[in-house]
Amino acid sequence: MVNLPFKITFGAKYSYAGGFFLFWVFVYMGMAALGLATEAMITLLTPRFIAYFLIALIISNVSVASVPIVLQPSFYRYGYGFPVFNLAEAIRTIIFNTKNHMGVNAGVLLAWVVLSMITVPLFTWLMRRKDEQSEKQKNAEQKVVV
């Protein structure tokens, strides 16, 4: 019900109910894309160093979403493949009836979700393997000492 105090009209391009449903789906996909990417990096970096990754993730995502990429230097073209830009573009389409790229936006968001769903188990397996090897080495050193 966040839309009530802000008087967001979801009926610009679709019906009000359809626009609200699309808004909800895209926000959910955006949260899943960013959340799962963060989860994968927590596994790899450990919680102690996640702040550095979050700073880089936030800056790289927000820098391309605030101003249209066409008006930015060509360096910022990477934003076409980042979640926040695609989420912002889809929400602009739903609320303001701008040019429709929602298929591409959904594809990019889902690609981030799928990539993160692959990397989370992979990083978990790698870290588990690393921990097991260090434990074996530690046990071998203790047997030599005794």
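Taking Cα centroids, how far is segment 39-68 from segment 86-144 in Å? Taking the Cα centre of each part, segment 39-68 and segment 86-144 sit 12 Å apart.
Compare the peptides 112-121, 63-72 by average per-residue count of other Cβ atoms within 10 angstrom and give them in order, highest first. Please list the in-between numbers first.
Working: 112-121: 16.1, 63-72: 13.4.
Those peptides, ordered most packed to least, come out 112-121, 63-72.
When only the Cβ of Lys, Arg, Asp and Glu is charged (+1, +1, -1, -1), the dipole of segment 104-146 relative to its Cα centre reaches about 100 debye.
Applying a 10 Å radius around every beta-carbon, put 19-25, 46-52 in order of their mean neighbour count, most first. Before the final figure, lay out the partial values.
Working: 19-25: 16.3, 46-52: 10.9.
Order by mean packing, descending: 19-25, 46-52.
Using θ = phi - 60° in the Karplus curve 6.51 cos²θ - 1.76 cosθ + 1.60, the 3J(HN,Hα) couplings for segment 51-58 round to 4, 5, 5, 5, 4, 5, 5, 5 Hz; x is entered for Gly and Pro.
Protection proxy ranking for 96-107, 74-85, using the average of other Cβ atoms within 10 Å per residue and placing the highest first: 74-85, 96-107. Relative to the longest principal axis of the Cα atoms of the chain, the long axis of helix 16-45 makes an angle of roughly 20 degrees. Normalised by residue number, the volume inside the convex hull of the Cα atoms of segment 71-146 is 118 Å³ per residue. Put simply, the C-alpha atoms of segment 1-106 give a gyration tensor, and the ellipsoid matching it has half-axes of 27, 18, 11 Å, longest first.
Here, each number is a calculation from the coordinates, and none is a lab measurement. Small disclaimer: the values here were computed from a predicted structure and weren't measured. Cβ sites come from the backbone with ideal geometry, for glycine too, and all protein chains shown count toward neighbours.
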